[in-house]
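J.: Have a look at this one.
The values are calculated or read from the model by the stated rules, or taken from the named source; none is laboratory data. Computed from a predicted structure; not experimentally measured. Methodologically, a virtual Cβ is constructed for each residue, glycine included, from the backbone with ideal geometry; neighbour enumeration extends over all protein chains shown. For the accessible areas, the whole protein counts, side chains as well, though only heavy atoms, and no ligand, DNA or RNA atoms are used. Shrake-Rupley method; radii C 1.70, N 1.55, O 1.52, S 1.80 Å.
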Amino acid sequence: HLARIGLKDYHHGMDFSRPENARRINRLKVLSALRRKPASKAELAAMLQINKVSIGEICESLRSEGLIEESGKEMRSQGRPGVLFSINSKAGRVFSIIISEKAASVAVSDTLGRILRFERFPKAPSFSEDLRRVMAKLAGNARIYGIAIVSDEDIQLDIDAPSIRIPFSVAEASAEMARSGSLGSFLFISWGYSITASFSFQGTPVFLPEFGHIRASREGRCGCGGKGCLDAVASGRALLARTGHPSLKSLMQDKAALRDALQPMAAGIAQGVQALSAESVMITGAMSQMDDALYAYLQNLVSSLLPSRRSGMVIYRGAAGENGAAEGAAILALDTFFYDSALLAKLEAIESLSSPAL
């Protein structure tokens, strides 16, 4: 079933000194720490600077609720080994709904963000009914904490569960950052039916809503009313219309069409890199899977457009491939509905401001 959990604004006007709020924050800190790696009560107390009695109470409460579980013993050279706790991956599920031009896919993930099952279906007139059927089948009897909907369209879905909407570039960047770390000041470009982008800032991908409307060519009318927008001349949608290919999969075999699209793509990348002082670029999405020769060609084009001091900037292919959007959406759904990472980030910011400078 889909559990009913209302969205709450935990951050607005929260009194962090109230005991019930302090307990909630400490619970979230423990969950967040165990999300990174298993730990004992002693390790959690030292890591989080929470007294051992409170840590013991929190761990017992979380274990009784089925949110964490014992996962072995810690290795010690002296003394009695402590019990290691870890997130119970079976505690609940989150959904990722990926909506593209012609199809949708639904992935269900565990509380560590690992995709368990995945199903894809076409966008037919019965889309909403098909979506509910697939979700019910994938959910089983597990508790559903929330849903992340990845789409560049404003599609209204009748879903009986809390949800967040995420652009493709943010979802895919989140997946890449989870796999490789924060990655520094990267410009992430999602290249699929449309072109969107995000920029990693302090470990978080920030959506760049106008990147697809950078002027990258003298040709091509855009839906925004402009001319030569990157999305209008190099997106999968634009290339399909120009070449007559029936799908992105077919288009990916047309190296001549892709090579032509790399000219405006290079112009857009160069402008983005300069404006953001990006250290590197990563291309994600369906069309990121073009071959190495085309990446080398794009790299040379971009280097020729950048000042000599920036010519060493590297363009990477996303590691997550076509699963990037689903992986990243699961991570962001868990951040929002299970770990409440935004609340902890706000608290950390408040504590850093209140701490005296050394």
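J.: Tally up the residues in the stretch 274-325 that are in contact with a helix residue (DSSP H, G or I) (Cβ under 6 Å, 6 or more places away or on another chain), touching a residue at least 40 places away in the same chain (Cβ under 8 Å), open to solvent by 20 Å² or more (accessible area, probe 1.4 Å) and in a loop (DSSP other than H, G, I, E, B), please.
T.: 1
J.: Can you tell me which residue in the stretch 172-197 is surrounded by the fewest Cβ atoms within 10 Å (Cβ to Cβ), limited to those that are of a type in the set (S, T, N, Q) and either without any contact (Cβ under 8 Å) to a residue 12 or more places away in the chain or within 20 Å of M290 (Cβ to Cβ) (or both)? Step through it out loud before you land on a result.
T.: Quick first cut of the stretch 172-197, residues of a type in the set (S, T, N, Q) only: 174, 180, 182, 185, 190, 194, 196.
With either without any contact (Cβ under 8 Å) to a residue 12 or more places away in the chain or within 20 Å of M290 (Cβ to Cβ) (or both) added as a condition, the list becomes 190, 194, 196.
Values: S190: 31, S194: 21, T196: 25.
Across the stretch 172-197, the extreme among qualifying residues is S194.
J.: Hey, can you tell me all the residues within the stretch 96-107 that are part of a strand (DSSP E or B) and over 10 Å from L131 (Cβ atoms)?
T.: Kept after step one, since they are part of a strand (DSSP E or B), are these residues of the stretch 96-107: 96-99, 103-107.
Residues satisfying the conditions are S96, I98, A103, S105, A107.
J.: Return the residues of the stretch 113-141 that are loosely packed, with under 15 Cβ neighbours inside 10 Å and part of a loop (DSSP other than H, G, I, E, B); say none if nothing qualifies.
T.: Answer for the stretch 113-141, where residues must be loosely packed, with under 15 Cβ neighbours inside 10 Å and part of a loop (DSSP other than H, G, I, E, B): R114, A124, P125, S126, G140, N141.
J.: In the list I155, I99, I144, which residue meets the criterion of being open to solvent by 20 Å² or more (accessible area, probe 1.4 Å) and over 14 Å from the mean Cα position of the chain (by Cα)?
T.: Within the list I155, I99, I144, the selection yields I155.
J.: Keeping to the stretch 36-50, report how many residues are loosely packed, with under 14 Cβ neighbours inside 10 Å and either part of a helix (DSSP H, G or I) or at pLDDT 95 or above (or both).
T.: Qualifying residue count for the region: 2.
J.: For the stretch 160-258, give me every one of the strands (runs of 3 or more DSSP E) that falls completely inside it and has 1 or more residues that are closer than 16 Å to V273 by Cβ and of a type in the set (F, W, Y).
T.: The qualifying strands (runs of 3 or more DSSP E) are 186-191, 195-201.
J.: Considering (1) open to solvent by less than 50 Å² (accessible area, probe 1.4 Å); (2) not in a helix (DSSP H, G or I), say which one A266 fails and leave the rest.
T.: Result: A266 fails condition (2) only.
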